[in-house]
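Okay, structure first, notes after.
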Amino acid sequence: MAKGGAAMALALLAAAAALLCAVAALPRLEHPAKTDGSLSLLVVGDWGRKGMYNQSRVAEQMGRVGEELDIDFVVSTGDNFYETGLTGVDDHAFEQSFTDIYTAKSLQKPWYLVLGNHDYKGNALAQFSPVLRKIDSRFICMRSFIVNAEIADFFFIDTTPFQLKYWTHPKGNHYDWRGVAPREKYITNLLKDLDEAMKKSTAKWKIAVGHHTMRSVSHHGDTKELLQLLLPILKINGVDFYINGHDHCLEHISSRDR
């Protein structure tokens, strides 16, 4: 091959490699802070109950607090639809558990969501569909992604695939692993992408969001897979704190070993 042809081939390979890296990178959304540089938000998890189990009452209070704080957006830590996620993009549970419940004016802001284990029991891909965005534009759900809010970078992490028991002992449940299996490769790639994104972050605050507990003194307890695989990445990159759902309670756990 002539030198010119070899150089062209190398250039094409380099471009292809760069494209692959770009595709692999975590999606990044920009959400500007207020003009004074401040940021306000609400966090909710384990909520999709068609208004039952006090969901409607909590939504009402969220609306009041959201107005007082003038929130910029809402974060959902997963388990968006009980008991088994959505059946598809035409599942009326979407409106019954989301659009028809969170009606307060202050909550008409972007909702950034990750999946929980109950979401994986249904059609997990449905929650990523642009069809739902057309029904309610607030609903912004992806597997793992970043929201840059100027003073803070929020790293949304898909934690359900980390728990081995969902794969080996599903206990009669069906989990939608499309786009996730094989587990080991998925987790390895996700941790690599997170590490790279966190290292590039220049935000004052780095905040991680996932469904499953890291540490917990409640029902589910610690998630050993997250302690072994995810926590070291958060520590080495100076992540300030991790927000999760799953345990249906309020805990504030701190550590001195960072």
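Please treat every number below as a calculation from the coordinates, not as lab data. The shown structure was predicted, so the numbers you read here are calculated from the model rather than taken from an experiment. A quick note on method: Cβ atoms are made from the backbone with ideal geometry, for glycine too, and the neighbour counts reach across all protein chains shown.
Side notes on the structure shown:
- Placing unit charges on the Cβ atoms of the charged side chains and taking the dipole of the chain about its Cα centre, the candidate lying farthest along the positive direction among Q228, S76, G116 is Q228.
- Highest-MSF residue in the chain out of G85, G245, G63 [GNM, Cα springs under 10 Å]: G63
- Whether the range 71-199 is rounded, prolate or oblate, judged on the alpha carbon gyration tensor where a/c under 1.5 counts as rounded: oblate
- In degrees, nearest ten, helix 55-69 long axis to first principal axis of the chain (Cα): 70 degrees
- Across the chain, the longest piece that holds none of the GluC sites (Glu not before Pro) lying in DSSP loops with up to 13 other C-beta atoms within 10 Å covers 84-250.
- Shape class of the range 28-243 from the Cα gyration tensor (axes a ≥ b ≥ c, square roots of the eigenvalues): oblate, since a/c reaches 1.5 or more and a/b does not exceed b/c.
- In a simple Cβ point-charge model (Lys, Arg +1; Asp, Glu -1; nothing else charged), the chain has a dipole of about 700 debye relative to its Cα centre.
- The GNM of the chain, with springs linking C-alpha atoms under 10 angstrom apart, assigns the highest mean-square fluctuation among M52, M198, M214 to M52.
- Against the main long axis of the alpha-carbon atoms of the chain, helix 183-200 sits at an angle near 90°.
- Rounded to the nearest 500, the helix-only mean residue ellipticity at 222 nm of the chain stands at -8500 deg cm²/dmol, with each DSSP H run of n ≥ 4 adding -39,500 (n - 2.57).
- Cα centroid of the range 137-182 to Cα centroid of the range 80-95, whole Å: 16 Å
- For the chain, excluding the exposed loop sites themselves (chymotrypsin sites (Phe, Trp or Tyr not before Pro), DSSP loop, at most 16 other Cβ atoms within 10 Å), the longest remaining stretch covers 54-176.
- Relative contact order of the chain, pairs being alpha-carbon contacts under 8 Å that are 6 or more residues apart, as %: 19 percent
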